[in-house]
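Written out below as structure tokens is the structure these notes cover.
Here, each number is a calculation from the coordinates, and none is a lab measurement. Since the model is a prediction, treat every value here as computed from it, not as a measurement. Every residue, glycine among them, receives a Cβ derived from its backbone with ideal geometry; neighbour counts consider all protein chains shown.
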Amino acid sequence: MDLRIKSVSAVLAAATLCSVLLCGCEPEEPFTTSHTVITAPTDATQPDPETLPPISTDEVPGTQTDEPDTVTQEQTEPVTEQQTTTAQTTPEPTTAPEKDPDIPDFTVDLSSYEKYMNPEDRDAYLILVNPSNPVGKDHKPTDLEPLVDTRPDRSKRYMRLYAAKSLEAFLKEARANGCKNVTVTSAYRSYDSQKEIFDGDVKKLMEKGYSEEEAIAIERKDTAFPGESEHQTGLAVDMHNLSSAQPAFADTYEAKWLAENAWKFGFILRYLPDKEEITTYVYEPWHFRYVGRYHAKRIYEMGMCLEEYIEYLANN
């Protein structure tokens, strides 16, 4: 009886082993019987490894080679920069740059003149010339430039470079705003030219019966004595649309526009109507002086003449 059971068990075990070899996998649990466990014989002859054919590494998963392991397409697809840095590369909404409050709005494009109207060395043109602060007979600027808006019936006029360029911008904007016929009648004057003008006017007064002393005193309120004229600095200009410089120019649209907007171009109206005791000169709505926009704006806003402003700076 035991021999028959052992034979049946052996047959079943052999069948199971064949099934494993055919399927290429192991059973989930080792086969057992209720009575006997079949094990492989321990004295079975094993094949010599040296006689076995070499095993290709391509057929054995997980074998290390000189080349990297093969992975699926899903794993090898490159990760793009857009996928990894979307948040960082998303463009920020653009906004217009803030406007410089010290640069006025102009009707025409004056950007090429900006460095002249608002010079980097803002104090370079803050020069005071008056009866108390004369300049020498030989004083003459070295950077004089011809003006493009000299009145046709006058000889060519000159100003210092920065003043000349700023005046060019000033009159371009003036024409764009209705001041069509304002032109330059006088700018730089040498000491000798100023003396010729002054002496000629004194002579006319003396012909009317004034003494030389009286004539000089009267003339000095209208015309600078030689060496005391701002025109000799190359920073002052006379401009209007009349046949000659007259107080009536003050009532014109052109005079009012020039006076209100001069600071934008670095100029001030030099001789104001309520400052005659300080400047010693009568009101001249045609006489403008270049100082650069930084100081021109402050002089205009404070309602000062140049003498007051220089004193203000000295005290503050």
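Observations
- Ranked Val237, Val108, criterion: other C-beta atoms within 10 Å, fewest first: Val108, Val237
- Mean Cα-pair separation over length for the stretch 107-190, i.e. relative contact order, pairs under 8 Å, 6 or more apart, %: 36
- Rounded to the nearest Hz, the phi-derived 3J(HN,Hα) couplings of the stretch 261-272 under the Karplus curve 6.51 cos²θ - 1.76 cosθ + 1.60 (θ = phi - 60°) are 10, 4, 4, 4, 10, x, 10, 10, 6, 6, 10, 7, where x marks glycine and proline.
- Placing R0 at 22 angstrom, the Cβ-Cβ distance between Ser243 and Tyr283 gives a FRET efficiency of 0.70 after rounding to 0.05.
- Counted charge near His240, where neighbours are those whose Cβ lies closer than 11 Å (Asp, Glu -1; Lys, Arg +1): -2
- For Val184, the amide hydrogen comes within under 5 Å of the amide hydrogens of Thr150, Arg151, counting only partners 5 or more places away or on other chains and with H modelled in the peptide plane.
- Extending 7 Å from the Cα toward the beta-carbon at both Asn130 and Phe225 defines two label points whose distance is 1.5 nm.
- In plain terms, the chain from Asp274 to Tyr294 could stretch by 4.9 nm, reckoned as 0.36 nm per residue minus the Cα-Cα distance.
- Count Lys and Arg as plus one, Asp and Glu as minus one, and take only other residues whose Cβ is under 11 Å from that of Tyr290; the net charge is then +4.
- Taking label points 7 Å from Cα along the Cα-to-Cβ direction, His139 and Met302 give a separation of 2.1 nm.
- Cleavage-rule hits, GluC sites (Glu not before Pro), the stretch 145-200, DSSP coil, Cβ neighbours within 10 Å at most 11: none
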